[in-house]
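Visitor: Encoded as structure tokens, here's the structure I'll be asking about.
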Amino acid sequence: IVIAEFSKKAEPHLTENTRFWVVRPNVGLSGISGLETLVSGSYIAIDPRPGPSARTFTGLDRPPGVTAEEDGAQFQLRADNLGSSLPGAPIFYHDIPVGRVLDFALDKEGEGVLVDVFIQAPHHLRVRDTSRFWQLSGFEISLGAEGLDVKMESLASLVTGGIAFDTPATA
């Protein structure tokens with residue numbers, strides 16, 4: 001239980017939708033975060049969002065996948081299996097990182113996996129009904145008449161996996 005005192009200037013930001021969490025050092029697929037807490041100590045972060053005024057809050061167990069200050073859009077993908085699509089794994093468009101995996105869960109039937117992703121602006125506008133997403137394994141090896149053929153994705157996808165997408169041009 002934390003009791004906090006806010007200045008009058010903060011009142012418009014204290015709503016039912018505002019989120020709080022403790023910032024600590026964290027190492028994950030998306031990199032290292034919270035390193036400043038090694039020197040300053042842990043602190044409480046805030047993600048203010050519009051809504052009705054509130055005075056009591058329940059903190060999050062972990063930082064939110066997306067904060068109000070990030071422009072872009074969230075999408076939900078369905079896949080047969082999770083592969084390397086763990087939270088924090090990058091999303092690529094033409095080998096450029098444009099987003100990240102937020103979370104995953106089994107679908108209602110337990111037959112597939114639902115993967116929540118966030119695509120940063122302005123790249124989220126490239127996602128359409130015709131967009132195709134696929135998992136990156138980092139590399140592909142094939143043996144043919146011309147010998148061994150090795151294709152590698154970016155170093156980031158080799159280490160963390162991830163997802164790529166493209167949207168075919170429409171006629």
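Visitor: Based on the Cβ-Cβ distance from Glu5 to Asp71, what FRET efficiency comes out when R0 is 30 Å, to the nearest 0.05?
Guide: 0.45
Visitor: Determine the per residue accessible area of the stretch 47-130 with all protein chains present and a 1.4 angstrom probe, expressed in square angstrom.
Guide: Averaged over the residues of the stretch 47-130, the accessible area is 63 Å².
Visitor: Provide the packing ranking of 88-100, 4-16, 70-82, i.e. peptides ordered by the mean count of other C-beta atoms within 10 Å per residue, highest first.
Guide: Taking the mean over residues of other Cβ atoms within 10 Å, the ranking is 88-100, 70-82, 4-16.
Visitor: I'd like the Karplus ³J(HN,Hα) series for the stretch 119-126: coefficients 6.51, -1.76, 1.60, θ = phi - 60°, whole numbers in Hz, and an x wherever there's a Gly or Pro.
Guide: Once rounded to whole Hz, the list reads 10, 6, 5, x, 5, 4, 6, 7.
Visitor: Right, next: How much length is gained if the chain between Leu60 and Glu109 is pulled fully straight, taking 0.36 nm per residue apart and subtracting their Cα-Cα distance, in nm to one decimal?
Guide: 14.8 nm
The values are calculated or read from the model by the stated rules, or taken from the named source; none is laboratory data. Treat the numbers as computed from the prediction; the structure is a model and nothing was measured. As a convention, Cβ positions derive from the backbone with ideal geometry for all residues, glycine included, and neighbour counts pool all protein chains shown. These accessible areas exclude ligands, DNA and RNA; they are computed on the full protein's heavy atoms, side chains included. Shrake-Rupley method; radii C 1.70, N 1.55, O 1.52, S 1.80 Å.
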